[in-house]
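Structure incoming, see below.
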Amino acid sequence: MEQVIEFFEKLFGAESWPPRWQCGIWTDFHGWLYIFSDLAVWAAYFVIPIFLIKLIKQRPGIPFPRVYFLFGAFILLCGTTHLMDVTMFWWPAYRLNALIRFATACISWFTIFALFKTFPQVLALKTSGEFEFELLQRKEVEEKLTEKTNILEQKNKEMEQFTYVASHDLQEPLRTVTNYIGLLQEQYKGKVDKSADEYLDIIRGATGRMQILISDLLDYSRIGNEKNIVAVDCNLLLKEVLKEMSTSINDSKAEIHFQSLPVINGLHLELKSLFQNLISNSIKYRKRDANPVINISTQVNSQEYIFAIKDNGIGIDNKYFEKLFIIFSRLHNREDYPGTGIGLAQCKKIVELHGGKIWVESEPGKGSTFYFTIPKTTVS
């Protein structure tokens, strides 16, 4: 212990040894060749860490930065040992020289340990050739995907146009049929026989349902035609929806409650239709002996808003959950609950257009809760 204390007390002392020039027989050429060589090695070892630090600063995210720093420290200390060898020719501070060499040894083994730990990861890194090959493959896949996407978009546009034209053209003959059935009922009701009157009523009801179906199909085909993403205050949107639905709400004596809803990015008309459809469903599928009570709430996490529309209606058996959002899918008798089976399919299309998902939790006789998510960053 005394030797250690003495070592550090005389760390910079040089009185115990002669300068290196006086150790042995040095010629001028031999001595200065030794000195200039060590100075050149020290200068190179001093510059290399500067380049390593500059590389780390200019390339953020470079892999294994700790190894670079250890290499820099190791090289710098190695250079310092060469500088100390130069100073020994005039200033023989052997204690300081030993301490620097000990520090160099420690950093050397820390560097080896870091290399040992990162060696498997380094082997896993791709070579430039592998990267080029991967980029080439990815480019080919992207080109094929772009081509298929363009074809799909063209097909969708053609399908939307066909649906619109077909539905529009179907409405005119239906209106004609409806008008003539009305004329027949006005002029001949009670003049032929009861069967004829019943047949005319059936035909008129069927054409009326067909008109509603065509109208719903048109609405379904138009979803997503407008791509204008705006900030939508769901509180104002819901008040607008409830105002337009005031007649059905009053007739059913429905109670609708909602908490403070968020402002989201989305398509205003589509989101309005989404709330209308879900609230209409809750009112339509109510219990006969109870007024509908509908609660609308939302939760938020780091990525999305989760909306919930809960009612006290007749509920749904879980065996129907999968087919619930399929277009034209109906779970109830038409006479008890009239409709086209498009409403929930529209809801699914609107939610997915916003990048979200929709699902239901329900039990027969205990009401239903429809959930849907809207991402915080909506891409249509």
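What is the gain in length, in nm to one decimal, between ASP197 and VAL177 on full extension, counting 0.36 nm per residue of separation less the C-alpha to C-alpha distance?
Working: separation 20, 0.36 × 20 = 7.20 nm, distance 1.57 nm.
That pair, ASP197 and VAL177, stretches by 5.6 nm at full extension.
Over all alpha-carbon pairs of the chain, lay out the pair-distance distribution in 10 Å bins, whole %, shortest bin first.
4, 14, 16, 13, 10, 8, 8, 8, 8, 6, 3, 2, 1, 0, 0
What's the extension gain from LYS376 to TYR94 if we count 0.36 nm per residue and subtract their Cα-Cα distance? Kindly include the intermediate steps, with their values, before the conclusion.
Values: separation 282, 0.36 × 282 = 101.52 nm, distance 6.67 nm.
Contour length minus Cα-Cα distance gives 94.9 nm.
What chymotrypsin sites (Phe, Trp or Tyr not before Pro) does the range 3-77 have in DSSP loop regions with at most 16 other beta carbons within 10 Å? Intermediate values should be presented prior to the final figure.
Numbers: sites: PHE7, PHE8, PHE12, TRP21, TRP26, PHE29, TRP32, TYR34, PHE36, TRP42, TYR45, PHE46, PHE51, TYR68, PHE69, PHE71, PHE74; in loops: PHE12, TRP26.
Within the range 3-77, the qualifying chymotrypsin sites (Phe, Trp or Tyr not before Pro) (loop, at most 16 other Cβ atoms within 10 Å) are PHE12, TRP26.
Compute and list, largest first, the equivalent-ellipsoid semi-axes of the range 1-95 from the alpha carbon gyration tensor, each √(5λ) rounded to a whole angstrom.
33, 21, 7
Read phi for every residue in the range 34-51 and hand back ³J(HN,Hα) as whole Hz from Karplus 6.51 cos²θ - 1.76 cosθ + 1.60, θ = phi - 60°, with x for Gly and Pro.
These are the phi-based 3J(HN,Hα) values: 4, 5, 5, 5, 5, 5, 5, 5, 4, 4, 5, 5, 6, 6, 4, x, 4, 5 Hz.
Now for a separate question. I'd like the Karplus ³J(HN,Hα) series for the range 9-15: coefficients 6.51, -1.76, 1.60, θ = phi - 60°, whole numbers in Hz, and an x wherever there's a Gly or Pro.
Computed from phi, the couplings for the range 9-15 are 5, 10, 4, 9, x, 10, 6 Hz.
Under a 5 Å amide H to amide H cut-off, with H placed in plane at 1.01 Å, what residues pair with ILE256 once short-range neighbours are removed?
ILE294
Amide H neighbours of LEU261 under 5 Å, at least 5 residues apart or on other chains, H built in the peptide plane: list them.
Under 5 Å from the amide H of LEU261: ASN235.
Considering amide H positions built from the backbone, and no H for Pro or chain starts, which residues 5 or more places from VAL232, or on another chain, come under 5 Å of its amide H?
Answer set, sorted by chain and number: ILE264, ASN265, GLY266.
How high is the FRET efficiency between MET210 and ARG288 when r is their beta carbon distance and R₀ equals 45 Å, given to the nearest 0.05?
On the way: r = 28 Å, r/R0 = 0.63.
According to the calculation, E is roughly 0.95.
Return one whole number: the accessible area per residue of the chain in Å², for a 1.4 Å probe.
Details: 24780 Å² over 380 residues.
Each residue of the chain exposes 65 Å² on average to a 1.4 Å probe.
Could you work out the local net charge near TRP91, counting Lys and Arg as +1, Asp and Glu as -1, over the other residues with Cβ closer than 13 Å to its Cβ?
Cβ neighbours under 13 Å give a net charge of 0.
Okay, next question. For the pair LYS126 and SER246, how long in nm is the line joining their label points, each one 7 Å along Cα→Cβ?
Placing both labels 7 Å along Cα→Cβ, they lie 6.2 nm apart.
What's the Cα-based Rg to Rh of the range 61-141, Rh via Kirkwood?
Working: Rg = 20.1 Å, Rh = 15.6 Å.
Rounded to two decimals, Rg over Rh is 1.29.
Taking the Cβ of ARG286 as the center, what net charge do the other residues with Cβ under 10 Å away carry, scoring Lys and Arg +1 and Asp and Glu -1? Show your work: numbers first, answer last.
Details: positive: LYS253, LYS284, LYS287, ARG288; negative: ASP289, ASP311.
Counting the neighbours of ARG286, the net charge comes to +2.
Turning to a different aspect of this structure: For the range 96-101, just list the computed ³J(HN,Hα) in residue order, Karplus coefficients 6.51, -1.76 and 1.60, θ = phi - 60°, integers in Hz, with x standing in for Gly and Pro.
Running phi through 6.51 cos²θ - 1.76 cosθ + 1.60 with θ = phi - 60° gives 4, 4, 5, 5, 5, 5 Hz.
Sticking with the crude label model, points 7 Å out along Cα→Cβ, report the distance from ILE112 to GLN187 in nm, one decimal please.
11.0
Enter the angle in degrees (range 0 to 90, nearest 10) between the Cα long axis of helix 343-353 and the first principal axis of the Cα atoms of the chain, meaning the one along which they spread out most.
Around 20 degrees separate the two axes.
Place a label point 7 angstrom from the Cα of LYS54 along the Cα-to-Cβ direction, then list the residues of the range 72-114 whose backbone nitrogen is under 17 Å away.
So the set is 72-73, 76.
On a full-extension model of 0.36 nm per residue, what is the gain between LEU145 and TRP26, subtracting their alpha-carbon distance, rounded to one decimal in nm?
Values: separation 119, 0.36 × 119 = 42.84 nm, distance 7.60 nm.
Full-extension gain reported as 35.2 nm.
The values are calculated or read from the model by the stated rules, or taken from the named source; none is laboratory data. Small disclaimer: the values here were computed from a predicted structure and weren't measured. Note that we place each Cβ from the backbone using ideal geometry, even for glycine, and neighbour counts take in every protein chain shown. Note: accessible area is taken over every heavy atom of the protein model, side chains too, but ligands, DNA and RNA are not part of it. Shrake-Rupley method; radii C 1.70, N 1.55, O 1.52, S 1.80 Å.
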